[in-house]
Amino acid sequence: MSLDVNTIFQIAGIGIIVAMIQTVLKQMGKDDWSQWVTLIGFVVILYMVASLIGNLFDKIKDVFLFNG
Amino acid sequence: MQIVGIGLIATFLTLVLKEHQPVVAFLLVIFVGASIFIFLIGKIQQVIETLEKIAANAHLNMVYVETILKIVGVAYIAEFGVQIARDAGQGALASKLELAGKVLILVMAIPIITAIIQAVLGLMPR
């Protein structure tokens with residue numbers, strides 16, 4: 001259970017950091033960099049969520065005797 | 001207890017993230033939904049095992065019990081997908097998912113329906 005709390009804070013942290021970087025980069029005028037950073041942050045979070053959902057579906061498979 | 005705690009934390013974080021990064025907030029909601037579901041899977045497993053034991057010593061035909069379990073599984077997953085799609089604002093997609101879930105359940109229920117009909121026909125005097 002504690003794993004979930006950590007990962008939740010990680011995801012939220014990445015989101016907030018990306019938002020901050022975006023505002024900072026906007027002031028410095030380098031807009032294209034901020035897009036890159038948001039993309040990278042998004043991919044990292046997507047990877048985390050995807051791996052958890054994959055794990056979830058595997059668990060469902062063996063719980064509900066999905067042999068098909 | 002833990003689940004409520006995590007759910008609350010997640011709602012607060014999503015509120016914070018909503019203005020800056022709506023996408024990340026949405027991913028966070030999916031993540032929390034999945035983790036709560038994983039937490040429940042363990043409990044569901046015990047319930048299903050007891051059900052199977054009862055069915056086994058009641059000499060029920062295991063095929064039916066298995067199809068019922070599969071139908072419950074499909075219903076769970078379809079519901080999970082529908083809620084997430086609706087949460088993301090995709091009403092049309094959610095209803096498509098729901099339709100797919102129903103059709104799949106129907107397909108799985110066919111053997112049971114045929115068995116019931118045969119049983120009923122068998123009872124009827126000819």
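Summing Cβ point charges (Lys, Arg +1; Asp, Glu -1) relative to the Cα centre of the protein assembly as shown gives a dipole of roughly 300 debye.
Per residue of B:33-39, what is the mean number of Cβ atoms on other protein chains within 10 angstrom of that residue's Cβ?
5
The apolar share of the surface of the protein assembly as shown, taken as the fraction of accessible area on carbon and sulfur atoms (1.4 Å probe, ligands and nucleic acids excluded), comes to 74 percent. When you work out D = kT/(6 pi eta Rh) for chain A at 4 °C and 1.567 mPa s, using the Kirkwood radius from C-alpha pairs as Rh and the Stokes-Einstein form, the result is 92 µm²/s. So what's the net charge close to B:Ala94: Lys and Arg +1, Asp and Glu -1, counting the other residues with Cβ under 14 Å from its Cβ? That sum, taken over residues with Cβ under 14 Å, equals 0. Only protein heavy atoms count here, probed at 1.4 Å, and on that basis chains A and B bury about 3000 Å² of accessible area in total.
With the cut-off at 13 Å, report for the stretch B:82-121 the share of all Cα pairs above it, as a whole percent.
I get 60 percent for the Cα pairs in the stretch B:82-121 exceeding 13 Å.
All distinct Cα pairs of the protein assembly as shown go into the 1/r average, and the inverse of that average, the Kirkwood radius, is 19.7 Å.
Mind checking the mean number of beta-carbon atoms from other chains within 10 Å of the Cβ atoms in B:2-15?
2
Taking 19 Å as the limit for the C-alpha separation, the pairs A:Lys61/B:Lys96; A:Lys59/B:Lys96; A:Lys61/B:Lys43; A:Lys59/B:Lys43 exceed it in the case of A:Lys61/B:Lys96; A:Lys59/B:Lys96. Dividing the summed helix terms, -39500 (n - 2.57) for each DSSP H run of n ≥ 4, by the number of residues in the protein assembly as shown produces a 222 nm estimate of -32500 deg cm²/dmol to the nearest 500. Its residue count N fixes a reference of 2.2 N^0.38 Å for the stretch B:16-75, and the Cα radius of gyration divided by that reference is 1.75. Per residue, the accessible area of the stretch B:61-126 comes to 67 Å² when a 1.4 Å probe rolls over the protein heavy atoms. For peptide A:14-21, the mean count of partner chain Cβ atoms within 10 Å of a residue's Cβ comes to 4. With contacts taken as Cα pairs under 8 Å at a separation of at least 6 residues, chain B carries a relative contact order of 16 percent. Between the helical axis of A:2-28 and the longest alpha-carbon principal axis of chain A there is an angle of about 20 degrees.
Running a GNM on chain B with Cα contacts under 10 Å, which residue among B:Lys43, B:Lys70, B:Lys102 ends up with the highest mean-square fluctuation? Taking springs between Cα atoms under 10 Å, the residue moving most is B:Lys43. Projected label points at B:Leu8 and B:Ser95, each 7 Å from Cα along the beta carbon direction, are separated by 3.8 nanometres.
The values are calculated or read from the model by the stated rules, or taken from the named source; none is laboratory data. It should be emphasised that the depicted structure is a prediction, and the values quoted were computed from it without experimental measurement. In this analysis, Cβ positions are derived from the backbone assuming ideal geometry, glycine residues included, and neighbour counts consider all displayed protein chains. For accessibility, only protein heavy atoms count, side chains too; no ligands or nucleic acids. Shrake-Rupley method; radii C 1.70, N 1.55, O 1.52, S 1.80 Å.
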